[in-house]
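Step one of this worksheet: look at the structure below.
The values are calculated or read from the model by the stated rules, or taken from the named source; none is laboratory data. Small disclaimer: the values here were computed from a predicted structure and weren't measured. Note: ideal-geometry Cβ built from the backbone for every residue, glycine included; neighbour counts use all protein chains shown. Remember, those area values only see protein heavy atoms, side chains included, never the ligands or the DNA or RNA. Shrake-Rupley method; radii C 1.70, N 1.55, O 1.52, S 1.80 Å.
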Amino acid sequence: MKQLFQVDHALAKCQLSIVRDHNTEPHRFRAAIRRLTTLVAAEATRGLALRSIEVDTPITRCPGHTLAQRIGLVPILRAGLGMVEPVLDLIPEAEVWHLGLYRDEHTAEPVHYYSKLKPDSPVQLAFILDPMLATGGSAALACQTLKTWGAEQIKILSVIAAPEGVARVHQEYPEVHIFTCIVDQGLNANKFIVPGLGDAGDRIFNTLS
């Protein structure tokens with residue numbers, strides 16, 4: 001699938017084993033999510049538009065580059081917050097906007113409860129941040145919200161994806177690129193990714209019951 005990019009990296013495979021392990025403590029889980037996000041973001045930013053500039057080195061003047069687009073990071077609350085810092089480390093000038101979505105336990109469909117997008121001032125490129133792309137409902141709703149806002153280009157960054165979620169996003173938004181470390185087997189009867197890593201939000205914020 002042309003719009004799906006998987007990070008085939010030895011370090012990603014090692015960090016995936018850490019986040020999958022149910023014995024991994026919250027602080028180690030968060031650290032592994034950050035490392036995986038860095039690897040995914042490095043791939044997702046490979047082809048960013050650049051503008052030519054000139055810089056003065058201690059020796060002489062030489063050509064250089066700077067980013068040519070307004071870039072926005074859009075974490076899906078709350079699990080997406082765990083991915084913001086490593087992407088900001090790579091793109092410190094990026095703007096951060098928030099979308100609040102949760103999955104209805106009965107319908108498994110997303111419910112939109114919060115949006116922090118500046119009216120009439122959309123970014124040119126929006127990165128949707130969510131560790132898990134499961135049913136694709138939240139990702140599709142986020143794409144719809146960002147398109148209505150006026151974002152010209154949208155990319156989804158996740159750690160683990162399910163084929164059902166990838167298929168839904170590409171059916172509804174075929175132009176959106178998805179970047180992930182791995183596409184797992186699929187969803188179980190409760191719409192959780194198998195083998196997955198459990199609930200990313202609860203594990204990031206240490207709120208497991």
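For Asp8, indicate whether it is open to solvent by 40 Å² or more (accessible area, probe 1.4 Å), modelled with pLDDT under 95 and charged (D, E, K, R). Break it down into steps so the answer makes sense when it comes.
Working: open to solvent by 40 Å² or more (accessible area, probe 1.4 Å): yes; modelled with pLDDT under 95: yes; charged (D, E, K, R): yes.
Spelling it out, Asp8 is indeed open to solvent by 40 Å² or more (accessible area, probe 1.4 Å), modelled with pLDDT under 95 and charged (D, E, K, R).
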The stretch 91-107 residues that are open to solvent by 40 Å² or more (accessible area, probe 1.4 Å) and modelled with pLDDT of 70 or more, paired with ones that are among the hydroxyl-bearing types (Ser, Thr, Tyr) and not in a strand (DSSP E or B) (beta carbon under 9 Å, 6 or more apart): Tyr102/Ser138; Arg103/Thr135; Arg103/Ser138
Helices (runs of 4 or more DSSP H) (entirely within the stretch 1-97) containing at least 3 residues that are among the small types (Gly, Ala, Ser): 10-20, 26-44
Complete set of residues in the stretch 169-181 that are open to solvent by 50 Å² or more (accessible area, probe 1.4 Å) and more than 17 Å from Ala151 (Cα to Cα): Gln171
Close pairs from the stretch 133-154: first under 18 Å from Tyr114 (Cα atoms), partner open to solvent by 30 Å² or more (accessible area, probe 1.4 Å) and of a type in the set (S, T, N, Q), Cβ under 7 Å, at least 6 apart: Thr145/Ser115
Lone unmet requirement of (1) among the aliphatic types (A, V, I, L, M); (2) over 25 Å from Asp8 (Cβ atoms); (3) surrounded by fewer than 18 Cβ atoms within 10 Å (Cβ to Cβ); (4) out of contact with any Ser or Thr (no Cβ under 8 Å at 6 or more places or on another chain) for Val74: (3)
Which numbered condition Arg20 fails, given (1) surrounded by fewer than 19 Cβ atoms within 10 Å (Cβ to Cβ); (2) in contact with a helix residue (DSSP H, G or I) (Cβ under 9 Å, 6 or more places away or on another chain); (3) under 26 Å from Ala134 (Cα atoms): (2)
Lone unmet requirement of (1) among the small types (Gly, Ala, Ser); (2) surrounded by fewer than 22 Cβ atoms within 10 Å (Cβ to Cβ); (3) more than 18 Å from Leu81 (Cα to Cα) for Gly201: (3)
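With respect to Leu125, determine if the residue is touching a residue at least 24 places away in the same chain (Cβ under 8 Å) and buried (at least 24 other Cβ atoms within 10 Å of the Cβ). Even if it seems obvious, please write down each step before you answer.
On the way: touching a residue at least 24 places away in the same chain (Cβ under 8 Å): yes; buried (at least 24 other Cβ atoms within 10 Å of the Cβ): no.
It is false that Leu125 is touching a residue at least 24 places away in the same chain (Cβ under 8 Å) and buried (at least 24 other Cβ atoms within 10 Å of the Cβ).
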